[in-house]
Amino acid sequence: MEAQLQALKTEALEKIASAANVKELNDVRVAYLGKKGPITDLLKGMGKLPAEERPKMGALVNVVREEVTTSLEERMVILEEEAINLKLQSETIDITLPGRPVRTGNPHPLTRVIEEIEDLFVSMGYEIAEGPEVEKDYYNFEALNLPKGHPARDMQDSFYITEDILLRTHTSPVQARTMEAKGGEPIKIICPGKVYRRDNDDATHSHQFTQIEGLVIGEDIRMSDLKGTLSVFAKKMFGDDREIRLRPSFFPFTEPSVEMDISCFKCGGSGCNVCKKTGWIEILGAGMVHPNVLEMAGYDSKRLTGFAFGMGPERIAMLKYGVEDIRHFYTNDVRFLSQFQRTEV
Amino acid sequence: MLVSIKWLKEYVNTQELDPAELGEKITRSGIEVDAVIDRSHGMTNVVVGYVESCEKHKEADKLSICQVNVGEDGIEQIICGAPNIAAGQKVIVARPGAKLPGGVKIKKAKLRGEVSNGMICSLQELGIEGKLVPKAYAEGIYVLPENAEIGSDVVTNFDLDDTVLELGLTPNRADAMSMLGVAYEVGAILSEEVKLPEATYTEAADTAASMLTLNIDAPEANPLYVAKVIRNIEVKESPMWLQQRLMAAGVRPHNNVVDVTNFVLMEYGQPLHAFDYDSLKTGNITVRHAKQDELITTLDDAERKLSPHHLVITNGEEPVALAGVMGGANSEVSDSTTTIVIESAYFASGSIRQTSKDHGLRSDASSRYEKGVDPNRVIPAAERAASLIAELAGGEVLAGSIIFDELEREEKIVKVSPDFINTRLGMKIPFEDMLEILERLKFKTEAANNQLIISVPTRRQDIQIEEDVVEEIARLYGYDEIPATLPQTEARPGGLTPYQAKRRMVRHFLEGAGLLQATTYSLTSEKSAKQFALTETDTTRLLMPMSEERSILRQSLLPHLLDSVTHNTARRIDSVALYETGAVFLKTEDELLNEEEHLAIAMTGLWLDNSWQGEKKPVDFFVLKGIVEGLGEKLGVELSFERGQMDDLHPGRTAFIIHDGQRIGVIGQLHPTEQKERDLKTTVVLELNLAELLNLAADPLLYTPVPRYPSITRDVALVLSKIVEAGTIEKVIRGAGGKLLKDVRVFDLYEGDKMEAGKKSVAFTLTYFDPEKTLTDEEVVAVHDKVLKALTEVGAELRS
């Protein structure tokens, strides 16, 4: 009987080892360990043994059963894993196929530039002021120290609708309106918006374009405050290592007037095609608010002083992104617009 | 303003500065140097040659074979194609090895079998603009004066070894529209003195007054007039130095008389005019306003009709010049002129500006008068011109001048304290430094009681107030010296207004929905101005449009936005989704327009395109409607849609967007005809009065408790007549469902073959919910039966 048991064990272990899958293995389990299996049969046949052999034989059967069970379980783990692997393998996909596109739009590059400037000045306590694009000659010119017949009106030939109404040529009338509305109180605003001038559209001219101007009026506002403010702007907009320089210039509504250059952000000042070998790039015009402008808006120019600055988002966008033709901003070619999607920080 | 450095050096020491360095200093001090132009263009090996003989080329009748004496190397054969080449001329010869402007290199060559050892040059070939070349030489080679030395270098002998600074002058710096003005500026920058030109000549015994009388009938427009008479002159070509000065300054040489007037104009900034005395006929000059419809033919051969606000110079009878703008053809100096009248006058800027504008005529003279000339240079300029003409045309200057003079020319006094200057700048410039700068500017200054009392020379009419002095001091002290500080203002938070914040929110929402932001022009054509306009008003037209395409202010954004869509589809970008926000312009009673901020959207092609997975969804009305609904939710604004009609939109696929009973927008598919017109496929569009939405204040945001009890849904499929709208049925359901009915949603629409003709099937999901407890089946059945009953009453047929 012992020999029979050993043979049974060897036979079972062989079958376990050769079971190719979970089902076959389960068949082995049923065949050998099941209620109708040979081991159970052996246990049942124990009654025929002499009483003194029963415990020894019983122990032996149990050992064999344990061994077969353990082997079966071990084999089961392997086969299950194989089965899972097989399933996973069959489920493999081509991960190089494209993902489902997430449809996103993006702002116009000019909006991007304008909002970046807005956010910077808002963080410094400025408010955003807006005004009409169709303006009175008074706000567009006269209130800004540009009386009728002033030679500087030539600088910005305009689109008139009537003798007194025109498409604004700059966003400065918003400053004039704000000053009038504030009635002598301090001001800290920036004014973004569309403006219009009689220019034939070409690579560098557009009859419609955008501007952002800033105005600060308060007690003892000095030219050094203008320089400091513009320096903060230049660093934030074009990089921390930017330097600025002011050059004397002329605008009827400021005195003194300056133009601001920044050190070239491409070559750092050594000279390249962006800065036309000068190391400097002209970015904006600025100055101390002309006393006539203050007085006309009801400010006491002896007590309150101010500075103003103005720049062109088109120019900034062209410089920053390397855009060579201003007409791109108004053509709305999807292949152009969709390039202004990603962050730069 | 073009400034020849060689010429400039006649008035001021430029301290041997390299032209680029000098240019940089001028730029940094206030006048922008736009360009530094080397007149030599790096030319070499260009010499004076003498044409010994000149014969026609046998093989080519336009070519001449010249034997040219080029100095040390003797005679060279050169083939020349210029029509004006002739033996006995001194000419400009580019020798083999010469480099000319534009990278041209001269080599020995053979032309139709004949050797050519170099090239005889025109001025254009030396880099001089064609419009500046004297007319006599415009079509051929330039002929040098007889005294030119054979074999000598052309570049150094004829002032081509010069650099020109191109100044970009701002309107305030009219003083720098003259060589002397620039000399004063450079003198101030470099601390150098200015040397004024000389005027010396011998006067004839006869007086000018014996030949000419003067009447000024318009003293307010012409408060100063000086005339000089010069007789026995010989009108001829100017000497080379004068021609070169003028060409360097961008002026074309004509003859010695005209050239001198232009030279002095450039030198002093004072316009001059020379009349042929004999052509004046009357020996009289009268300055007056023109008569209505009076005619004059100006030097450019244009006949011009005048009106009384134009000022004219007359001979007492008829106009002989348009004052300050251009001379008349009837009194022009010609080769046969022997006696001339030189005019130097002060004309009020407004009058000249008007005349110049009315006739579209801007000259070197008018541009200076418009900005205001220096009243103290009118007389010296006349004297300087007389002296040069006497020298160059061999004339005899009659004694004295004929002068009308009512012109005030006091120096302006500006008083300013050093404290004021330093406070405005945020600097501490020492007092002595301020005085030194004013001295460099040649502003006579007295210092008294902590004040600078400055007499501003009349050449600097831009200096009027204290702030102007602040700028003068600062720019010459150096803007680099200004420290960088920040304004010490009351700390107030900046920020966006609710309107501005919401506008950005709209932008982010639309971009999140997959739309690209576009920007189009506000000016449009008559045809497009009102297309898709939400409000009917008259159009607004520019007084002087540049083109019909840009003549009217838009009343809607869509036409140009659709142009942009077509721009893309024409370039095979089939799927386009653009939006734009911007003003439209509506006429009102007021003189200003009502500028309404609109939002427009235009979409065509595929909305969803996941091609390899087989998902493709073209845009349609409902894609856009979904965006609008989402936007309404984002802004907390209730929007509804009402079937409508609009020109150029599909009559069955158009809806007005309603808020609070008001139409605030339109959404629809383009009419097939319009689509074809615009070369587009199915395109859906929106035009919305965005301002109306953004101006509404949203309700405070309060949370509703998260449901603690489950909701129960029931589906209902209905057979309806095709003309019944789902929205109508939804209203019926909501009406009958009461407060337990939480939501109604369409989940299926079927209009296929299996339906009876004229019918469709619409299926709704109804969600019942009670926030207080779990609904029982009986409760739901009770409400739902009410709903079904209501549906049956309106003729909806329940589908099993």
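The values are calculated or read from the model by the stated rules, or taken from the named source; none is laboratory data. Being a predicted model, the structure only gives us computed values, none of them experimental. Quick reminder, even Gly has a Cβ in these numbers, built from the backbone with ideal geometry, and neighbours come from all protein chains shown. Accessible surface areas use protein heavy atoms only, side chains included; no ligands, DNA or RNA. Shrake-Rupley method; radii C 1.70, N 1.55, O 1.52, S 1.80 Å.
See the values below:
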{"item": "Estimated FRET transfer efficiency when R0 is 22 angstrom, pair A:D333-B:F622 (beta carbons, to 0.05)", "result": "0.20"}
{"item": "Point-charge dipole on Cβ atoms (K/R +1, D/E -1) for the range B:498-694, about Cα centre, debye to 20", "result": "660"}
{"item": "Charge dipole (debye, nearest 20) of the protein assembly as shown; +1 at Cβ of Lys and Arg, -1 at Cβ of Asp and Glu", "result": "4020"}
{"item": "Alpha carbon centroid spacing (whole Å) that separates the range A:147-209 from the range B:182-227", "result": "40"}
{"item": "Under 5 Å, built H, 5+ apart or other chain: amide partners of B:L111", "result": "B:S116"}
{"item": "Contact order relative to length of the range A:34-175, as percent, for alpha carbon pairs under 8 angstrom and 6 or more apart", "result": "16"}
{"item": "Ranked by how many other beta carbons lie within 10 Å on average, peptides B:654-665, A:39-50, B:322-333 from highest", "result": "B:322-333, B:654-665, A:39-50"}
{"item": "Solvent-accessible ranking of B:T535, B:T163, largest area first, probe 1.4 Å", "result": "B:T535, B:T163"}
{"item": "Low-density loop positions, chymotrypsin sites (Phe, Trp or Tyr not before Pro), the range B:697-800 - DSSP coil, at most 13 other Cβ in 10 Å", "result": "B:Y703"}
{"item": "Cα centroid separation - the range A:3-55 against the range A:265-290, whole Å", "result": "94"}
{"item": "Reachable lysines, given that their alpha-carbon falls under 18 Å from the alpha-carbon of B:K428 and they are not under 8 places away in the same chain", "result": "A:K227"}
{"item": "Rule-of-thumb Rg ratio for chain A [Cα; 2.2 N^0.38 Å; N residues]", "result": "2.12"}
{"item": "Over the range B:203-405: Kirkwood hydrodynamic radius from C-alpha pairwise inverse distances, Å", "result": "16.6"}
{"item": "Over 24 Å between alpha carbons, listed pairs B:K722/B:K789; B:K236/B:K371; B:K25/B:K442", "result": "B:K236/B:K371"}
{"item": "Chain pair A, B: total accessible area buried, heavy atoms, 1.4 Å probe, Å²", "result": "7600"}
{"item": "In Hz, Karplus ³J(HN,Hα) per residue of the range B:154-166 (6.51, -1.76, 1.60; θ = phi - 60°; x = Gly, Pro)", "result": "5, 4, 7, 7, 10, 6, 7, 7, 9, 10, 10, 9, 9"}
{"item": "Rounded to the nearest 10 Å², the accessible area of B:M266 at probe 1.4 Å", "result": "10"}
{"item": "Heavy atoms of B:S210 accessible to a 1.4 Å probe, total area in Å² rounded to 10", "result": "80"}
{"item": "Under Karplus coefficients 6.51, -1.76 and 1.60, residue-wise ³J(HN,Hα) of the range A:317-325 in Hz, glycine/proline x", "result": "5, 4, 5, 5, 9, x, 6, 9, 9"}
{"item": "Those lysines that a straight Cα-Cα span of less than 30 Å connects to A:K87, excepting residues fewer than 8 apart in one chain", "result": "A:K15, A:K23"}
{"item": "Inter-label distance for B:I413 and B:R734, nm, one decimal - labels placed 7 Å from Cα along Cα-to-Cβ", "result": "8.2"}
{"item": "Accessible area in square angstrom per residue, the range A:2-90, 1.4 angstrom probe", "result": "66"}
{"item": "Label zone at B:E72, where the point sits 7 Å out along the Cα-to-Cβ direction: the range B:127-168 residues whose backbone N lies under 17 Å", "result": "B:149-157"}
{"item": "Restricting the range B:542-582 to trypsin sites (Lys or Arg not before Pro) in coil, as DSSP defines it, with at most 15 other Cβ within 10 Å", "result": "B:R571, B:R572"}
{"item": "Burial order of peptide ranges A:96-109, A:18-31 (average beta-carbon count within 10 Å, highest first)", "result": "A:18-31, A:96-109"}
{"item": "Net lengthening on full extension, A:E11/A:D199 (0.36 nm per residue, minus Cα-Cα)", "result": "57.7 nm"}
{"item": "Modelled FRET efficiency - R0 45 Å, B:I37 with B:D660, Cβ distances, 0.05 increments", "result": "0.10"}
{"item": "Cut-off 9 Å between beta-carbons: net charge of the residues surrounding B:L740, Lys and Arg +1, Asp and Glu -1", "result": "0"}
{"item": "For B:Q555, distant residues with modelled amide H under 5 Å away", "result": "B:F585"}
{"item": "In the range B:671-758, the trypsin sites (Lys or Arg not before Pro) that fall in loop regions by DSSP, at most 11 other Cβ within 10 Å", "result": "B:R708, B:K722, B:K754"}
{"item": "Label-point gap, in nm, between B:A484 and B:K759 - each point 7 angstrom along Cα→Cβ", "result": "8.0"}
{"item": "Measure of compaction for the range B:567-648 (Cα Rg per 2.2 N^0.38 Å)", "result": "1.46"}
{"item": "Of every Cα-Cα pair in the protein assembly as shown, the percent that sits beyond 55 Å", "result": "44"}
{"item": "Cα-based shape type of the range A:210-345, given that a ≥ b ≥ c are square roots of the gyration tensor eigenvalues and the cut on a/c is 1.5", "result": "prolate"}
{"item": "Average Cα contact separation per residue, the range B:498-694, under 8 Å, 6 or more apart, as relative contact order %", "result": "20"}
{"item": "Computed over the range B:150-256, Kirkwood Rh from alpha-carbon pairs, angstrom", "result": "18.5"}
{"item": "Heavy-atom accessible surface of chain B: percent carbon and sulfur, 1.4 Å", "result": "48"}
{"item": "Cα-based equivalent ellipsoid, the range B:44-157: semi-axes from gyration tensor eigenvalues, Å", "result": "19, 16, 15"}
{"item": "Estimated FRET transfer efficiency (B:E203, B:D358; beta-carbon r; R0 51 Å; 0.05)", "result": "0.80"}
{"item": "Cα-based shape type of the range B:498-694, given that a ≥ b ≥ c are square roots of the gyration tensor eigenvalues and the cut on a/c is 1.5", "result": "oblate"}
{"item": "Computed P(r) (all Cα pairs; the range B:712-798; 5 Å bins; percent)", "result": "3, 15, 27, 23, 15, 9, 5, 2, 1, 0"}
{"item": "Spin-label model distance (nm) - A:E185 vs A:E142, 7 Å beyond Cα toward Cβ", "result": "2.7"}
{"item": "Chain B, relative contact order in percent, only Cα pairs under 8 angstrom and at least six apart counted", "result": "8"}
{"item": "Gyration tensor verdict on the range B:644-739 (Cα atoms; rounded if a/c is under 1.5, prolate if a/b is larger than b/c, oblate otherwise)", "result": "oblate"}
{"item": "Accessible-area ranking of B:H359, B:H310, B:H289, largest first, probe 1.4 Å", "result": "B:H289, B:H359, B:H310"}
{"item": "Ranking by accessible area, most exposed first, for A:C267, B:C80 with a 1.4 Å probe", "result": "A:C267, B:C80"}
{"item": "Listed pairs B:K62/B:K110; A:K194/B:K357; B:K502/B:K731 exceeding 25 Å between Cα atoms", "result": "A:K194/B:K357; B:K502/B:K731"}
{"item": "Reachable lysines from B:K444, criterion Cα separation under 16 angstrom, eight or more residues apart if same chain", "result": "B:K412, B:K415"}
{"item": "Karplus (6.51, -1.76, 1.60) ³J(HN,Hα), θ = phi - 60°, over the range B:609-618, in Hz, Gly and Pro reported as x", "result": "9, 10, 4, 6, 8, x, 9, 9, 10, x"}
{"item": "Built amide H within the under 5 Å cut-off of B:K412, gap 5+", "result": "B:V456"}
{"item": "For chain B: accessible area per residue (Å², 1.4 Å)", "result": "46"}
{"item": "Over the range B:173-315: Rg over Rh, Cα atoms, Kirkwood Rh", "result": "1.00"}
